[in-house]
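Below is one structure; the comments refer to it alone.
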Amino acid sequence: MNLDKLQIDACMRSGWQALDLGLLMARAWFRTLFVASLLPMLPLAIALLTVFWKSPFWALFILWWLKPFWERLPLFLASRLLFGERPAVWSSMRSLPLKDIIPWLLWRRFSLQRAFDNPVTVLEDLKGRPRRQRLRVLHGKYSDVALSNQFVCCCFEWLLAFSLVALFDFFIPGSFGIHYYDGFGDLTLTGEWIFTLAAILSMALVIPFHSMAGFALYLNRRIELEAWDIEISFRNIAHRRRQRQRPTPAQVLLLPLLVLVTALFTAGTPGYAEAFDGHERESAAELIEQVLQGEDFGQERVVRKWRFKDWSNDAEEAFPEWIIDFLAWLEAHQEFWQGWSGAASWLKILLVALFGGLLFYLARRYRGPLSRLVKSRAIEDPAEILFGLDVTPESLPADVPAQVMCLWDEGASRAALSLLYRASLSRLIDRYQVAFHGSHTEVECASLVQARGIESLSEYFWELTAVWRRLAYGHRLPAGDTVRALCDDWTRELASDTE
Amino acid sequence: MLDTAYRVEIPGGIHLEAQVVGPIPRIFAFTIDLVIRGIILAALSIASIPLGLDGVGGGFFLILLFVIEWLYPVLFELLARGQTPGKKLLGIAVVNDDLSPVTLGSSLVRNLLRTVDFLPFFYLAGVVTMLSNRHFQRLGDLAAGTLVISIAKSAQAASLEDVPPLAPVTQLSRSEQTAIVEFLQRSAHLSQPRQQELATILEGITHQAGEDGVERLRRHGAWYLGMR
């Protein structure tokens, strides 16, 4: 038994907590344990169901009676899993423990603490008198908890079977003859079969949890009696001491070298701490503050959305005065209303008024959340400067193409094309409300224009963008004809009907 | 490492630990509450007979039935520190999953969702969900962010034994000291050979084996307990 590899946290627990730990164990190893409880059961189940195919409850009864036997393989596997081994279900099945099985299937079948006592037989391999003595030591104060485990798991097993049948029944049209209220009064053969299969399944599902809870209780008792937790702690102390005392070979080799190197280096150079100048930190803080104040950090945007008018900001929570006034007035003129059309009538009016008032009050009270239902849309101011170019309409000359051609003929090709590009951007913002942003690149701008869906315009703008990029970044002059064509198209695409 | 402990770190870097509680104690607690509710309802139905069971009395009873069935756990969880009478008997309580006391909202959610946990019959959904997560939360607990923890006082008051204290030569960390103190306090429940076996592991510290090692360790334990 190597306690270092123990997969559970060994510490003192109450009996109930031990049961919970057992359920966690079953949860962690569920696949293995489920297979281990179902697999040995299957061949016999198939054989019995074939024999008793007309009264499957007999098959179920025999399988149920043999339950102590089905619980052994999961327990055996769990005792290996507990110490971090990975046992194979198939190979363990060949060594399926048969120890002392006769008493377990006869008089001990009625034992109420089976899951707790099982480990003594299966794992400690004790029989007769030694077994009784051992059990007397183990039981101690945990008898009632072991009993609770047996009771709950037994009930749950049958309720699970019942629920599985009911669940199946819910999902088929009609029923196969279950009468929920008088137990399973008279079932059809199909019903019996379905219940038998559900009960076998639920038996295999519950066995891991039941036997692990009992096993954990047994382990808890042993941890208590043999102080496993103290042993683990003591081993850790001893281990740590040994490590501290015995330096590793690497340490032995490296230590003198390290001392030498450190001595050499620390002799000449000043420590890093001395290089630090306190003033720098203050000025740095100021600088950081300054940078953070700048335009690049933070954004301003205008957001327009719907909200209710602000009537009385200060008395937001108060119930509106006038409703109270109105109600008082109604009450004061009670006789009048009564005389007019009877009590029921004014009660109705009062109720309607109250309801109206309530609606109004609620609408006002929750105007914040309500207004959020209305989709808000952020509208940004159009960009004014793109790529360092001023794109406000005011900055443009009256006749852009003429100005462009004039500049081109003068030889200021860069100025000419930048004017054309800038004017295009300006018009796109102005006329088509294209939402350019300062952070967009030329290609992104062109894509935005394309997204507007005007084919000739987007074609023109792509071409202009290409020419402009080639000139601006690649320093490659376009042909004079291209520029002229661009100017002409500009008039058609962007200038024509705006003025 | 499989463990029932539930650990949270609350703001301020404080670590809290609690033991989560699984289905078996909770089923018992539920059954006790069921019985208590049954008794209350039986008493109420008898009390409403004079009013006429198919008249006012019947209506009165049905309203109370509704209130008790739905609000009994909520009421107790809020007023009795997360404990219905059944939970109190079992020493368990409902808390929020940051281990703060359960609030009205979470208590309502976890108890209204009992309907879902009950499906298809006998809390099958609830037990299956409990067994499929580490902290034994049923669907209602998962939705409300609550869990059930054990608050039973476990440690029996340890008596100080009459052992002459002796300062250990080696310096040990706090958890290591605790282990030695535990050894002193639990040595009454351990067999003599087992005590010697354990003491032999620490021969490097006590420099004694067997009987003397046990005695040495017990004296160190007494010293760590403050009998100096």
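List of remarks:
- Cβ crowding within 10 Å, taken as a proxy for footprinting-reagent exposure, orders A:Cys445, A:Cys11, A:Cys487 from fewest neighbours to most as A:Cys11, A:Cys487, A:Cys445.
- Efficiency of FRET from Cβ geometry, B:Gln196 and B:Leu119, R₀ 51 Å, rounded to 0.05: 0.35
- Rounded to the nearest 20, the Cβ-based charge dipole of the protein assembly as shown about its Cα centre (Lys and Arg +1, Asp and Glu -1) stands at 4780 debye.
- Volume of the Cα convex hull of the range A:398-499, divided per residue and given in Å³: 93 Å³
- Helix B:56-79 vs. chain B, principal-axis angle (Cα, 0 to 90°, nearest 10): 20 degrees
- Spatial separation of Cα centroids for the range A:71-138 and the range A:193-234, in angstrom: 11 Å
- Pair-distance profile P(r), taking every C-alpha pair of the range A:3-152, with 5 angstrom steps and integer %: 2, 8, 15, 19, 21, 17, 10, 4, 2, 1, 0
- Each other residue within a Cβ distance under 12 Å of A:Pro74 adds +1 if Lys or Arg and -1 if Asp or Glu, for a net charge of +3.
- Annotation: extensible slack from A:Lys305 through A:Ile101 equals 65.5 nm (criterion: 0.36 nm per residue apart, minus Cα-Cα distance).
- Considering only B:Thr129, B:Thr84, B:Thr206, the Gaussian network model of chain B with Cα springs below 10 Å gives its largest mean-square fluctuation to B:Thr206.
- Here the range A:400-440 and the range B:68-144 have alpha carbon centers that stand 70 Å from each other.
- Dipole size of chain B about its Cα centre, with +1 on Lys/Arg Cβ and -1 on Asp/Glu Cβ: approximately 300 debye, rounded to the nearest 20.
- In the protein assembly as shown, taking the dipole from charged Cβ atoms about the Cα centre, the farthest positive-side position among A:Thr465, B:Leu104, A:Tyr218 is held by A:Tyr218.
- Once backbone amide H atoms are built at 1.01 Å from N, B:Gln19 has B:Tyr6, B:Ser150 as its partners under 5 Å, excluding neighbours fewer than 5 places away on the same chain.
- Long-range HN-HN contacts of A:Leu386 with modeled amide H, under 5 Å: A:Val391
- Based on the convex hull around the alpha carbon atoms, the range B:5-150 presents an average projected area of 9.4 nm².
- Mean Cα-pair separation over length for the range A:53-161, i.e. relative contact order, pairs under 8 Å, 6 or more apart, %: 26 percent
- Stretching the chain fully between A:Phe360 and A:Arg240 yields a gain of 35.8 nm (0.36 nm per residue, less the alpha carbon separation).
- Virtual spin-label span in nm between A:Leu44 and A:Val291, 7 Å along Cα→Cβ: 7.8 nm
- Over chain B, Cα pairs under 8 Å with separation of 6+ residues give a relative contact order of 16 percent.
- Considering only A:Leu494, A:Leu24, A:Leu98, the residue lying farthest towards the positive end of the dipole of the protein assembly as shown is A:Leu98, judged by Cα position with unit charges set on Cβ.
- Lysine pairs within the protein assembly as shown, Cα separation less than 24 Å, 8 or more sequence positions apart or different chains: 12
- Descending principal axes extents, the protein assembly as shown, alpha-carbon based, whole Å: 118, 111, 66
- Computed from phi, the 3J(HN,Hα) profile of the range B:112-117 under the Karplus parametrisation 6.51, -1.76, 1.60 (θ = phi - 60°) reads 5, 7, 3, 4, 6, 5 Hz, with x in place of Gly and Pro.
- Residue by residue along A:7-20, Cβ atoms of other protein chains within 10 Å of the local Cβ number 5 on average.
- Using equal-weight Cα scatterers in the Debye expression, the normalised intensity of the range B:174-224 in log10 at q = 0.17, 0.23 Å⁻¹ is -0.41, -0.76.
- Pairwise FRET efficiency - A:Phe61 versus A:Ile172, Cβ, R0 = 25 Å, nearest 0.05: 0.40
- Per-residue ³J(HN,Hα) for the range B:180-193, Karplus 6.51 cos²θ - 1.76 cosθ + 1.60, θ = phi - 60°, Hz, x for Gly and Pro: 5, 5, 4, 4, 4, 6, 9, 5, 5, 8, 9, 6, 4, x
- Counting all C-alpha pairs of the range B:48-134, share separated by more than 16 Å (%): 66 percent
Bear in mind that the values in this text are calculations on the coordinates, not laboratory data. Quantities reported herein were computed from a predicted structural model and do not represent experimental measurements. When we count neighbours, we look across all protein chains shown, and the Cβ atoms used for this are built from the backbone with ideal geometry, even at glycine.
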